[in-house]
Amino acid sequence: MRLAEFIRESTAALEPLYPGREAGDIVLLLCERRFGVKRHTHILHPDFEVDESRVEGDMARLLAWEPIQYVTGKADFFGMEFNVNPSVLIPRPETEGLVEMALPFLKGLEHPSVLDLCTGSGCIAWAVSKSVPESEVTGVDISEEALSTAAGQMEGPGPSFVRADILGAPLTDCRFDLILSNPPYVCNGEKSSMRRNVLDYEPELALFVPDDDPLVFYRAVARWSSVLLKSEGMGIVEINSGLGDATASVFEAAGFVGVSVEKDCFGRNRFVRFFQNRTVQTPEGQAAV
């Protein structure tokens, strides 16, 4: 079958599940992963042939709402390729903003130490570690399966990973210049508006929080940060876009300073940044007071 024909037919098959452009992007990504072609190959080489039988099983999984990242076992994040499976959340583009905010702060430090709470696939920890090779990065998660995935992402020097429940007592044997976290923050009441590719496949443990206590993990991050963040350290957390001010209040109540709500690449409230000491300079050069 010609590649162009395969893309056209497969996109049409997925359009009842996903909007047209998204369906097309999923098929193009499948072709990249399985056939080793570029996104434009079917345009530049209209007679290019592929063996569609090689991806029959993949298409069946996609038509059952399974995310393309789980089907191929790969996801892109911060210019790197990560292994993913149903034990870890699929990295999202907006989460890259958390790393982007962290790097200017870290590059002003010598041998910085970083803690990534609720590390999941380890994409944040690895992105920081590879971007700032002199940093010492530790990822923490409650899931043994997630930690196994995170630890096996790449060869060579990288983060260390530790099993711990952040709702429990903080680690007490080290201090960190920077604490990052993308904890669970989707309210159970939001499930009705979510698609099956998320609800049926991504781990609930890493996604959802009770409607009556949606900030439970942020109070835990604040508690850990109070103990583990160095006196001139900074923290950044990813948040529910509808709970920006409420999340910021958690860190203000815990005594942190320079607390701010920051937007993601789509213009939505997506991060809260905070500082341990009011004399710390923000990456923008303004005192965190």
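The values are calculated or read from the model by the stated rules, or taken from the named source; none is laboratory data. As the structure is a computational prediction, the values presented were derived from the model and not from experiment. For neighbour counting, all protein chains shown are included, and Cβ atoms are generated from backbone atoms with ideal geometry for every residue, glycine included. Just the protein is used for accessible areas: all its heavy atoms, side chains included, with ligands, DNA and RNA removed. Shrake-Rupley method; radii C 1.70, N 1.55, O 1.52, S 1.80 Å.
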Inset, instruction - Work out, step by step, the length gained on full extension between Glu9 and Lys191: first 0.36 nm times the residue separation, then minus their alpha carbon distance; give nm to one decimal. - result: 62.4 nm
Legend entry - Whole-percent carbon and sulfur share, accessible surface of the chain, 1.4 Å: 50
Legend entry - DSSP-defined beta bridges in the chain - what % are antiparallel, rounded to 5: 45
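Just in segment 37-71: which trypsin sites (Lys or Arg not before Pro) are loop by DSSP and have at most 14 other Cβ atoms within 10 Å? Before the final figure, lay out the partial values.
Details: sites: Lys38, Arg39, Arg54, Arg61; in loops: Lys38, Arg39.
Sparse-neighbourhood loop trypsin sites (Lys or Arg not before Pro): Lys38, Arg39.
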Legend entry - Probe 1.4 Å, accessible area per residue of the chain, Å²: 46
Inset, instruction - List the residues whose amide H sits under 5 Å from the amide H of Glu262, counting only those 5 or more places along or on another chain, with H placed 1.01 Å from N in the peptide plane. - result: Arg270, Phe271, Val272, Arg273
Legend entry - 14 Å beta-carbon shell around Leu147, net charge (K/R +1, D/E -1): -4
Legend entry - Residue pairs, from the table Lys38/Lys263; Lys130/Lys263; Lys130/Lys191; Lys107/Lys230, whose Cα atoms sit over 26 Å apart: Lys38/Lys263; Lys130/Lys191
Legend entry - Under the Karplus curve 6.51 cos²θ - 1.76 cosθ + 1.60, θ = phi - 60°, whole-Hz ³J(HN,Hα) for segment 14-26, x wherever Gly or Pro sits: 8, 5, x, 9, 10, x, x, 5, 5, 4, x, 5, 4
Inset, instruction - Quick one: net charge around Glu110, please, counting Lys, Arg +1 and Asp, Glu -1 for every other residue with C-beta under 11 Å from its C-beta. - result: -1
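By how many nm would the segment from Arg175 to Glu22 grow when fully extended, if each residue of separation counts as 0.36 nm and the alpha-carbon distance is taken off?
In short, 50.8 nm is gained.
I need the GluC sites (Glu not before Pro) found in segment 72-127, filtered to DSSP loop residues with at most 16 other beta carbons within 10 Å of theirs.
Glu110
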Inset, instruction - Tell me the chymotrypsin sites (Phe, Trp or Tyr not before Pro) within segment 234-274 that lie in a loop according to DSSP and have at most 14 other beta-carbon atoms within 10 Å. - result: Phe266
Legend entry - Residue-averaged [θ]222 nm for the chain, counting only DSSP H segments that reach four residues, each worth -39500 (n - 2.57): -10000 deg cm²/dmol
Inset, instruction - Would you work out the relative contact order for segment 131-230, in percent, from Cα pairs under 8 angstrom that are 6 or more residues apart? - result: 30
Inset, instruction - Quote to one decimal, in nm, the extra length available between His40 and Ala60 on full extension: 0.36 nm per residue of separation minus the C-alpha distance between them. - result: 4.8 nm
